[in-house]
Amino acid sequence: MLEDLSLKIDKALKKITGQGKLTEKNISDTLREIRIILLDADVNFRVAKEFIDKVTQKALGQEVLASITPGQLITKIIYDELTELLGGSNSELTLNPTGITKIIVVGLQGSGKTTFCSKLAKTIKGYGRKPLLVAADIYRPAAIEQLKTLGESIGVPVYSQGIIDPRDIAKSSLDYAKANGFNTVIIDTAGRLHVDEQLMSEVADIKKLTEANETLFVVDSMTGQDAVNSAKAFNEKVDFDGIVLTKLDGDSRGGCALSIRAVVGKPIKFISNGEKLEMMDVFYPDRLASRILGKGDVISLVEKAQQSFDDKEAEKLEEKFRKNKFDLEDFLKQIRMIKKMGSLSSIIGMIPGMNKAIKNEQIDESALVKVEAIIHSMTKEERRNPKILNGNRRKRISRGSGTSIQDVNRLLKQFAEMQKMMSKLNQKGFMNSVLSKKNIKFS
Amino acid sequence: MKLFKNINIDKLKTGLNKTREKIVNKISETFSGKAIIDETFIDRIEEVLISADLGVEMTELVIEDLKTRMKKEEDRSTERMIEILKKALVSNLSVNNLESFDYTPDIESNKPFVILIVGVNGVGKTTTVGKLAYNFRQSGLSVIIGAADTFRAAANEQLTIWADRANVEIVSKEKGSDPSAVAYETVSKAISQKHDIAIIDTAGRLHNKSNLMEELSKIKRVISKLIPHAPDEIFLVLDGATGQNALIQAQEFMKTTKITGLIITKLDGTAKGGVVFQIIKKLKIPVRYIGVGEGITDLQNFDPVTYVNVLC
C-alpha cells in the first residue's frame, strides 16, 4: 500500500511536472489526488480539507521560477505545509534542574503507554537522572507486574501500592521520591476511553494533585479518523503538553499525527517504536511529512545528494540515465559518489519504490570494494559494452581482480538489473529531481 | 446453539451515542423532509463514511451503490435515503450473500475446537481471550486457554487473572519460552483432558516483522500435527480505532495464517472500525465478534444491522 500511494503521488505530481506553470485546473486535479492520499493515510476528513484549502491558496498565488519545475514547486509547498502543521521544529521534554520533575503518561488502551514509560525512564536515566516509575494502572490485569518487570530490566525502581485509588498512589509516590532522592517521577496511568467520564476525571485529578510538569498523550500511529475525538477529549480534560507517537515501525502512514496536531495544537515529542527498550527517537516533523505523503525520506535524500554530488558529474550521469546509455564506467563513478553519501542501505531506504525493488536483495557494503576491483580489471571497451564479455573475458577479469568468476557474473547480472530499474525510475521522473543540479533547497 | 446471547445494543450505543446523533443530524439538518440526491447530500454521506474509517475507495463504492438503489425509489425523503444507505452498508458486510450472520462454531463435531488469537500489539487480544473463555464456559463448555504470548512482560500474569475470572484452566510457561511449545501443550491437554475448546493467545506482532509472522505459522503447524482440522478458527483481533492500516494487517496476517474471522475491539468508544468493510470486501473474512468494554461480558456476536444502525 505504501508503494501504491507512492506511485499515486508520483502520478499526481507528474501531472504538474513539466507543464510550464501552475494553472488553477491542473492544481485542482493534483490536489484532489493528494486529498485521497491524505485520507488513505488516515488524516482526518476535516483536517485534510482544511490542509488542501491552505495549499491551494498558497500555490495559486505563487509564481513558478524558471529554475525549478512546477512539480518541484508543488512538492515543496505540500511538504512545507505538512511539516508546518506537524510542528515545524523538534520539541523536547522539559526536565527541571532542581526538585522533582513529574511526568504523567496518558492515553487509550493499547496505545503503548507502559512500554513508553519504561523507555522514557531508561532514556532519562541515561542523562544521569534518577527516575522512578509509578504503577498507577490498577484496572488492567497484571499491568503493575508488567511495569515492574520492565522496570527491573532497565534498573529503574517501580513504585506501587497495589490496587488502591490511583490518585493516592500518585500522591504518595511523590513523597516516596522525595524521601529516596529520585528527581524524575514517571506515572503510568491506565488506558481509558475518552468517553469514560469517571476515568477521565481520575486522570485529570492525578495531574492536578501531582502538579505535573509534563503530561504526555500516547497515541498509536495506526489510529484512524477517530484520533481527533480522543485527542480532543484528552486535551480538554488534562491539557496535555505533548504527544507520543507509537508503533511507527509498522507500515502505517501516521496521518493521525497530522490530525491530532491540527486539532489540539500540541507538539509531538517522541516516537516510541517496538517493545525493545532501547528504541526511542526524537520526533522529526519533516520525516513524518514525507511518510504521510508516501514519499519516503525524499527530502533527506535530496539534501544528502546535494551535499555530495558533483553537479557536473551528476548532470552527465543524468543525461546517460535518460538515454539509457548508462555503462559500467558510469557505474564505477556512481559507486564512488554513493560512497561519499553514506551507507548504501540507508540511502536506498530513503528512495520511494526502491525499498520494494531491493527488499529481497541483501545489501553488502563490502561488496562495493569487490565491484570496484572487477570493473578496474575490465578494458574500456568492456566497460562501455558489457555485452561483449564472453567466458574467456570473464575468466581474465576474475583473475585480474582477485575475485571468483561467480562474483563477476553476479555483478554483470546485477548491473543488468540495475539498468532495468534505472529506466523504470527514469520513467517515474524521480532521478530527475534527485540528480538535477537545479534542485530547489528544502530548508 | 447460539453461544453469545448477549447482544446488547445499548452497550454498543452508549459510547457511540454522541457521534451517532451527530451523524444523523449532519444528514438531516440539510435535508429535512424531501430531498434529492445532490452534491451536498453526497458530500455529507462521504464525510460520514470516511470519518467512520471506511476509506475513500469503499466510500465511493457505497455511494455508487446508494445512487443505483435510489434510482428505483419513488420516495426520496431523507429518512428513506438513510434507510437505503443502511441497506447498502449491511449488504457490504456480508462475505457472501447467502451466509447467515448468526455465527455458531461447530464445536460438537470438532472437539477439541481450537481457536488461535492473533493481532498486532495493543488491540486487546488477551482481554478478548478472557471474554471468549468466559462466554464459552457460560454456555456449559469446558475451556482451556494457552498463554503463548511468552514475550510481553507480565502477559502470563494478565491471562492467568482472566482464566481465574472465567474459571477455566490455563497453560503457561515462563517468559521467553517457545510459544509453539505452549500451543502444543495446550492442545495436548485439551485432547487428554477432553476439553471442548482450546483458546490460544499469542504475542502482539506488527505484521511487517517477518520473523514474528514465521513464528505464528510455526504455532499453526504444531497445532495441526496434533489435530489435523485445527486450528478450527484463527481470529484476527483488530482495534476498532485503527484506520486504513487494518486492511494491511489483515492482508499480511492472511499470508502466513489463514484468518477465518475478525474480532473488532474497543467499539464502546467513538471509533467505528469502518475499515472492516474493506477487509470483508477484499479478503472475504467475516466479522465474528465485537468487543465493547473491558468487562468479561463485554463481547458480543457481530450483528451487521445493529452495527450499521450505530454507524449512521
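The values are calculated or read from the model by the stated rules, or taken from the named source; none is laboratory data. Owing to the predicted nature of the structure, the values given are computational and were not obtained by experimental measurement. Note that each Cβ is placed from the backbone with ideal geometry, even for glycine, and that neighbours are counted across all protein chains shown.
Here are the numbers:
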| item | result |
| --- | --- |
| Every residue from the stretch B:58-78 that is surrounded by fewer than 17 Cβ atoms within 10 Å (Cβ to Cβ) and out of contact with any strand residue (DSSP E or B) (no Cβ under 8 Å at 6 or more places or on another chain) | B:E60, B:E64, B:K67, B:T68, B:R69, B:K71, B:K72, B:E73, B:E74, B:D75 |
| B:V187 vs. criteria assigned to a helix (DSSP H, G or I) and in contact (Cβ under 8 Å) with a residue 24 or more places away in the chain | yes |
| Residue in the stretch A:164-172 that is in a helix (DSSP H, G or I), touching a helix residue (DSSP H, G or I) at 6+ places or on another chain (Cβ under 9 Å) and at the interface with another protein chain (Cβ under 9 Å from one of its Cβ atoms) present | no |
| Residue list for the stretch B:209-256, filter: touching a residue at least 60 places away in the same chain (Cβ under 8 Å) and charged (D, E, K, R) | B:K220, B:D232, B:E233, B:D239 |
| Whichever residue in the stretch A:219-232 is in contact with a Leu (Cβ under 7 Å, 6 or more places away or on another chain) and not in a loop (DSSP other than H, G, I, E, B) and, among such residues, is nearest to B:A52 (Cα to Cα) | A:S230 |
| Unmet criterion (only one of (1) closer than 23 Å to B:T104 by Cβ; (2) not in a helix (DSSP H, G or I)) for B:I280 | (2) |
| Filtered residue count, the stretch B:124-178, keeping only those that are at the interface with chain A (Cβ under 10 Å from one of its Cβ atoms), part of a helix (DSSP H, G or I) and within 20 Å of the chain's Cα centre (by Cα) | 6 |
| The stretch A:33-58 - residue that is within 11 Å of another protein chain (Cβ to nearest Cβ) and of a type in the set (K, R) and, of those, surrounded by the most Cβ atoms within 10 Å (Cβ to Cβ) | A:R35 |
| Pairs where the first residue, in the stretch A:152-165, is over 11 Å from A:K122 (Cα atoms) and the second is in a helix (DSSP H, G or I) and of a type in the set (D, E, K, R), C-beta under 9 Å, 6+ apart | A:V158/A:K148; A:V158/A:E152; A:S160/A:K148; A:Q161/A:D168; A:D165/A:E202 |
| Set B:I234, B:I248, B:I259, B:I223: member being assigned to a loop (DSSP other than H, G, I, E, B) and of a type in the set (V, I, T) | B:I259 |
| Which numbered condition A:V263 fails, given (1) more than 12 Å from chain B (Cβ to nearest Cβ); (2) within 23 Å of B:L206 (Cα to Cα); (3) not polar (S, T, N, Q) | (2) |
| A:I68 vs. criteria modelled with pLDDT under 90 and more than 24 Å from A:V47 (Cα to Cα) | yes |
| Residue among A:D196, A:D188, A:D205 that is acidic (D, E), in the same structural domain as A:N229 (by TED's automatic domain parsing) and surrounded by 24 or more Cβ atoms within 10 Å (Cβ to Cβ) | A:D188 |
| The stretch B:262-292 - residue that is out of contact with any strand residue (DSSP E or B) (no Cβ under 8 Å at 6 or more places or on another chain) and over 20 Å from B:T127 (Cβ atoms) and, of those, farthest from the other protein chains (Cβ to nearest Cβ) | B:K284 |
| Whichever residue in the stretch A:233-258 is in a helix (DSSP H, G or I), touching a helix residue (DSSP H, G or I) at 6+ places or on another chain (Cβ under 6 Å) and within 10 Å of chain B (Cβ to nearest Cβ) and, among such residues, is farthest from A:D220 (Cα to Cα) | A:G255 |
| Selection status of A:S201, within 12 Å of chain B (Cβ to nearest Cβ) and part of a helix (DSSP H, G or I) | no |
| Total residues in the stretch A:107-147, condition facing chain B (nearest Cβ under 7 Å) and part of a helix (DSSP H, G or I) | 2 |
| A:A136 vs. criteria small (G, A, S) and surrounded by fewer than 24 Cβ atoms within 10 Å (Cβ to Cβ) | no |
| Sole residue being out of contact with any strand residue (DSSP E or B) (no Cβ under 7 Å at 6 or more places or on another chain), modelled with pLDDT of 95 or more and farther than 19 Å from A:G110 by Cβ, chosen from B:Q244, B:Q251 | B:Q251 |
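For (1) under 11 Å from the mean Cα position of the chain (by Cα); (2) surrounded by 24 or more Cβ atoms within 10 Å (Cβ to Cβ), each residue gets a yes or a no:
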{"site": "B:A203", "(1), (2)": "no, no"}
{"site": "B:L206", "(1), (2)": "no, no"}
{"site": "B:K220", "(1), (2)": "no, no"}
{"site": "B:N245", "(1), (2)": "no, yes"}
{"site": "B:F302", "(1), (2)": "yes, no"}
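Yes/no matrix, rows are residues, columns are (1) surrounded by fewer than 17 Cβ atoms within 10 Å (Cβ to Cβ); (2) at pLDDT below 95; (3) among the hydrophobic types (A, V, I, L, M, F, W, C); (4) in the same structural domain as A:F116 (by TED's automatic domain parsing):
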{"residue": "A:V228", "(1), (2), (3), (4)": "no, no, yes, yes"}
{"residue": "A:K232", "(1), (2), (3), (4)": "yes, no, no, yes"}
{"residue": "A:K247", "(1), (2), (3), (4)": "no, yes, no, yes"}
{"residue": "A:R253", "(1), (2), (3), (4)": "no, yes, no, yes"}
{"residue": "A:E275", "(1), (2), (3), (4)": "no, yes, no, yes"}
{"residue": "A:D310", "(1), (2), (3), (4)": "yes, yes, no, no"}
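Table: residues versus (1) outside any loop (DSSP other than H, G, I, E, B); (2) at pLDDT 85 or above; (3) not assigned by TED's automatic domain parsing to the domain that holds A:Q419.
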| residue | (1), (2), (3) |
| --- | --- |
| A:K266 | no, yes, yes |
| A:F270 | yes, yes, yes |
| A:E278 | no, no, yes |
| A:D281 | yes, no, yes |
| A:Q334 | yes, no, no |
